[in-house]
Amino acid sequence: MSKIKTAFFCQQCGYESAKWSGRCPSCGQWNTFVEEKIQKDVPLRNTSWKQPELSAAGNNNIINLAAVNGAEEERLLTPDAELNRVLGGGIVPGSLVLVGGEPGIGKSTLFLQNALLLTHITTLYISGEESAQQIKMRADRLKIQNDQFFLLTETSTQTIFQEIKKLRPQLVIVDSIQTLQSPFIEAAPGSVSQIRETTAEMQRFAKETHTPVFLIGHITKDGAIAGPKILEHMVDTVLQFEGDQHYAYRILRTIKNRFGSTAELGIYEMTGQGLRQVTNPSEILISQREDQLSGIAIAATMEGMRPMLVEVQALVTQSVYGTPQRTATGFDLRRLQLLLAVLEKRGGFHFGVKDVFLNIAGGIRVEDPAIDLAVLCALLSSYEDVAIAGNICFAGEVGLSGEIRAVNRIEQRIAEAEKLGFEKIFISRYNKKGGHTGKFDIEVVPVGRVEEVYRQLF
Ligand code: TYD
Ligand code: MG
């Protein structure tokens, strides 16, 4: 009943087509179609509707929802509080979690470390990327002993499932999904149809046995998890491990989570003995400095649900070229250009003849709009060459007409700034409605426009 067939798959979005075409009709990308051999099972169509055996008690495909045991199964807590939080409170039995990240960022380290720390359950770590010796060396480096940790260096899903049946692990980690190969599909490992099939097999295994499965996945150049987009739909949770290779800090972010909030994130530091949880990120992100330097402003940002104080560094210099340069690291370049335009138009500053360099310290990337005010003040501080006092921080979004807009969770931001010893925080006047001033020891300065901030600082 089956025959070998080939089909064309868009390597970008996973769209399947019988014919090759230059442009994918689904995602609009050019030159993404690759022919892959697939083996299609054509099942016997059940065309007869005549014998409905629904009345028989033996039918177990259709379930009465009322009869389903709705109690939430107990989650498996890992010793890693950051990972637990990112997963929404521990590992859900039978869940399929996809973890993406650039090569070398520390995905294998993170999951090897966590699996080794889970000494009370049987864990199977399937690696198609490293040999047993390499993993052993890494485990020795992490200095964790665990005799319930098993290793399988295999890529064929058929063999993997045979081994799983023998071992009956309570947690399975696959490193990586791009190396797996299903014998039912002819295409090469890492191709769209292989990834789709092997993920589906893993999903079936996870759901039927209630075993949690973690799939580690590679990331393409533009930051998406390699493989079809549908991969993200097939799994319950998608995590992303990110960070700058040149810095030690790593952020584990939730992109999708069927069992919890996507606003959570975990912060780690890569050390000689693996990843270390960072429980107080603000302290490390603000550089210790003795003397006051111009061009530095501290922003009270939120990363997910967590307040975090970050240091914004700006350098504004006379431009030597005809076209002034603008560079931003850790901050959106277009947003920087927008803020410069606001300063030019509303404040009368001549940034048009200046080179502007902006950097968020610590190698992290901030997308919270509340960082705007600190960016703007760092730019002004460097422009004027006047340092901002080290005990001041900022939280506010800047609008196109130079107004300082309200930001969310202002109380948490103020509380964090206070905890870290700041004495003054500039916030939007429109945030003041709640009347936070009395509640904190830190001085809360409400401002409505960029000019007001300028007048108070310089
Ligand atoms: P790895 O987990 O192999 O990355 P991925 O699986 O995401 O490709 O991490 C590799 C990097 O981590 C490598 O550059 C070395 C570094 N590392 C440490 O700094 N300390 C350690 O204890 C370990 C195990 C790795
Ligand atoms: Mg790896």
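The values are calculated or read from the model by the stated rules, or taken from the named source; none is laboratory data. Because the structure is a prediction, the values reported are computed rather than measured. When we count neighbours, we look across all protein chains shown, and the Cβ atoms used for this are built from the backbone with ideal geometry, even at glycine.
Annotations
- Residue in the stretch 164-177 that is surrounded by the most Cβ atoms within 10 Å (Cβ to Cβ), counting only those that are at pLDDT 90 or above and either closer than 15 Å to residue 216 by Cα or within 16 Å of ligand 2 (Cβ to nearest atom) (or both): 174
- Residue 362 small (Gly, Ala, Ser) and either within 16 Å of ligand 1 (Cβ to nearest atom) or under 29 Å from residue 401 (Cα atoms) (or both): no
- Considering only residues in the stretch 380-419 that are of a type in the set (D, E, K, R) and in a loop (DSSP other than H, G, I, E, B), the one that is farthest from the chain's Cα centre (by Cα) turns out to be 385.
- Residue check for residue 274: buried (at least 18 other Cβ atoms within 10 Å of the Cβ), over 18 Å from the mean Cα position of the chain (by Cα) and at pLDDT 80 or above: yes
- If only residues of the stretch 256-271 that are farther than 14 Å from residue 80 by Cβ, under 14 Å from the mean Cα position of the chain (by Cα) and touching a residue at least 60 places away in the same chain (Cβ under 8 Å) are counted, the one that is nearest to ligand 2 (Cβ to nearest atom) is 257.
- Of residues in the stretch 226-270 being in a strand (DSSP E or B), among the charged types (D, E, K, R) and within 16 Å of ligand 1 (Cβ to nearest atom), the one surrounded by the fewest Cβ atoms within 10 Å (Cβ to Cβ): 269
- Tally, over the stretch 100-139, of residues that are in contact (Cβ under 8 Å) with a residue 40 or more places away in the chain, assigned to a loop (DSSP other than H, G, I, E, B) and not hydrophobic (A, V, I, L, M, F, W, C): 8
- Yes/no for residue 160 being touching a strand residue (DSSP E or B) at 6+ places or on another chain (Cβ under 9 Å), away from ligand 1 (no atom under 16 Å from the Cβ), part of a helix (DSSP H, G or I) and within 23 Å of residue 237 (Cα to Cα): yes
- Odd one out for residue 189, checked against (1) within 16 Å of ligand 2 (Cβ to nearest atom); (2) farther than 30 Å from residue 35 by Cα; (3) assigned to a loop (DSSP other than H, G, I, E, B): (2)
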